[in-house]
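Scroll down for the structure; my scribbles are underneath it.
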Amino acid sequence: MSEPHPFTPQLEYAFSIAIVLRPAIFLKPSDTGQMRAAVYAESGVVEGRITGRVMPMSGGDWALVRADGVLDFDARYMLELDDGTLVYLQNRGYRWGSAEAMARMREQQHVDPAGYYMRVTPRFEVAAGKHDWLNKHVFIGVAEKLPGANRIHYFQVL
């Protein structure tokens with residue numbers, strides 16, 4: 001077994017966000033074979049090191065459905081933490097899996113997370129204060145596609 005690289009990043013769980021989504025609105029495929037979807041964030045809950053909610057209808061995801069079947073996420077919405085702090089969140093990432101898994105997700109059926117890849121790289125904007133650590137660290141998100149929702153577990157890169 002080889003030794004780990006000395007710069008292998010360490011991760012620490014930070015929080016999870018469960019987002020209830022409105023049904024997707026699709027633009028027809030372009031001449032490149034890609035299709036754009038608009039999916040609005042209806043509501044949601046933030047739990048972990050920070051707690052709060054997804055502000056209803058404060059944004060959504062404008063995912064690109066690529067010709068190879070990969071969903072290329074570009075989600076932006078607002079969080080309101082329990083202490084009243086507002087946080088802007090942008091998630092970029094990808095979801096892909098077998099044709100069967102992707103079809104089941106489109107039909108709002110449960111799919112075992114081991115059967116697909118769904119990862120995001122978030123960026124946060126928050127006012128100076130006790131939550132500004134969100135502005136100063138890199139995070140990765142490991143996501144679950146749930147019927148009508150997403151749940152993303154965020155890990156801080158130390």
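The values are calculated or read from the model by the stated rules, or taken from the named source; none is laboratory data. Since the model is a prediction, treat every value here as computed from it, not as a measurement. Quick reminder, even Gly has a Cβ in these numbers, built from the backbone with ideal geometry, and neighbours come from all protein chains shown.
What's the number of the only condition in (1) more than 19 Å from residue 120 (Cα to Cα); (2) part of a strand (DSSP E or B) that residue 3 fails to meet?
(2)
Can you tell me which condition residue 79 does not meet? The list is (1) in contact with a Gly (Cβ under 6 Å, 6 or more places away or on another chain); (2) surrounded by fewer than 16 Cβ atoms within 10 Å (Cβ to Cβ), and all the others hold.
(2)
The rows are residues; the columns are (1) farther than 15 Å from residue 134 by Cβ; (2) surrounded by fewer than 16 Cβ atoms within 10 Å (Cβ to Cβ); (3) without any contact (Cβ under 8 Å) to a residue 60 or more places away in the chain.
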site	(1), (2), (3)
29	yes, yes, yes
33	yes, yes, yes
42	yes, no, yes
45	yes, yes, yes
51	no, yes, yes
55	yes, no, yes
63	yes, no, yes
69	yes, yes, yes
74	yes, yes, yes
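Look at residue 128 and say whether it is hydrophobic (A, V, I, L, M, F, W, C), farther than 19 Å from residue 147 by Cα and part of a loop (DSSP other than H, G, I, E, B).
yes
Which is among the aliphatic types (A, V, I, L, M) and within 12 Å of the chain's Cα centre (by Cα), of 67, 24, 18, 38?
On inspection, the qualifying residue turns out to be 18.
Here is a list: 126, 142. Which entry is among the β-branched types (Val, Ile, Thr), over 18 Å from residue 40 (Cβ atoms) and buried (at least 19 other Cβ atoms within 10 Å of the Cβ)?
126
Here is a list: 91, 135. Which entry is of a type outside the set (Lys, Arg), surrounded by 12 or more Cβ atoms within 10 Å (Cβ to Cβ) and either modelled with pLDDT under 90 or under 10 Å from the mean Cα position of the chain (by Cα) (or both)?
91
I'd like the full set of residues that are within 15 Å of residue 47 (Cβ to Cβ) and either among the aromatic types (Phe, Trp, Tyr) or modelled with pLDDT under 95 (or both), limited to region 147-158.
Passing the criteria: 149, 150, 154, 155.
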